[in-house]
Amino acid sequence: MAMVAARAGVSGQTVSRVVNDSPRVDPETRARVETAMAELDYRPHRAARALRTGRSQTIGLVVTTLATVGNSRMLQATAEAAAERGYALTLVTASNGVAAAFESLAEQEVDGAIVLNEASAQVATVERPRGLRLVVVDAAVDAGFVSVHSDHAGGAAAATAHLLAQGHVAVHHVAGPADSFAAAERERGWRETLVAAGADAPAPVRGDWSAESGYAAGVALDAASAVFCANDQMALGVLRALADSGRRVPEDVAVIGFDDVPDAANYRPPLTTIRQDFAALAHRAVEALVAEIEGGSVAAGPVIVPTSLIERASVR
């Protein structure tokens, strides 16, 4: 840092301000310091900074699996959002439970952690290390942490209302796992919309997020004219089951998914679905966690990210 200061003709304190992105440096001086840093190949020493500030500039991400589309997309989006704020990301799988994952993160002295989806259900039942700041994605509101989630119920309501508007008397539902917050919210939005419209809510057929379980559900729903699936992968299985039985989509059966995975536009037919904004979800989660870490304003209630209906050819 002293060498950078000498090359740029400034004080060591000014270099420190540039490194820490302080607004108290005029643009010309900042550019001169950054040029000196580049010429000397200077990199801030993370361990030294942690000793000085008491923060490691690292956050943890806890997942149970990366096999699901939502979790893998959230991993990428969270890594990008953290990097934009100058934080590194440490990934921990909860294969031995969330409590063990928290202990691992505490040993690595992360500043805080984000817990994703399936792992979120375990958070309320375990004791986390003292001082570990926490943001949970897809969890019921709890006083001990900030909750961030997509508007699952609102998206499901939009999908169901869209099918009812096409003249379908009954809308069947391929639901996600019973212990999933997101699945429960999507089922709630579907059910409440049917009740409000005076329509019966058929018993949902439950899957496990996989296309295979969607195929089994599609076989079971041999009399349905409209199906709302809790995710796009299960919708893919439903489409195959309908094709195998000789039923056409959308002529005989209308199908809507949830997530808007990158391949959804290339399903046959292209899938009408509810889009989750994974980038916005990750940014809001990182934003909430950094606010806790750095003493900023923390959300008083759940942070809910809007969803949107994407119309394609699987619904007339």
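Side notes on the structure shown:
- Failed item, numbered, when Asp151 is tested on (1) more than 26 Å from Val219 (Cβ to Cβ); (2) out of contact with any Phe, Trp or Tyr (no Cβ under 7 Å at 6 or more places or on another chain); (3) modelled with pLDDT under 95; (4) not basic (Lys, Arg): (3)
- Some residue of the range 19-26 being closer than 25 Å to Ala291 by Cβ, in the same structural domain as Ala288 (by TED's automatic domain parsing) and either of a type in the set (A, V, I, L, M, F, W, C) or surrounded by 13 or more Cβ atoms within 10 Å (Cβ to Cβ) (or both): no
- Whether a residue is at negative phi, outside any loop (DSSP other than H, G, I, E, B) and under 20 Å from the mean Cα position of the chain (by Cα) was assessed, and Glu212 does not pass this test.
- Residues that are surrounded by 14 or more Cβ atoms within 10 Å (Cβ to Cβ), touching a helix residue (DSSP H, G or I) at 6+ places or on another chain (Cβ under 9 Å) and either of a type outside the set (A, V, I, L, M, F, W, C) or over 22 Å from Ala291 (Cα atoms) (or both) within the range 67-91 comprise Thr68, Val69, Gly70, Asn71, Arg73, Thr78, Glu80, Arg85, Tyr87, Thr90, listed in sequence order.
- Among (1) farther than 30 Å from Gly295 by Cβ; (2) exposed (fewer than 15 other Cβ atoms within 10 Å of the Cβ); (3) within 23 Å of the chain's Cα centre (by Cα) - the single one Ala157 does not satisfy: (2)
- Check on Val62, at pLDDT below 90, in the same structural domain as Ala113 (by TED's automatic domain parsing) and touching a helix residue (DSSP H, G or I) at 6+ places or on another chain (Cβ under 7 Å): no
The values are calculated or read from the model by the stated rules, or taken from the named source; none is laboratory data. Everything numeric in this text was worked out from a predicted model, so none of it was measured. Cβ coordinates were reconstructed from backbone atoms using ideal geometry, including for glycine residues, and neighbour counts include every protein chain displayed.
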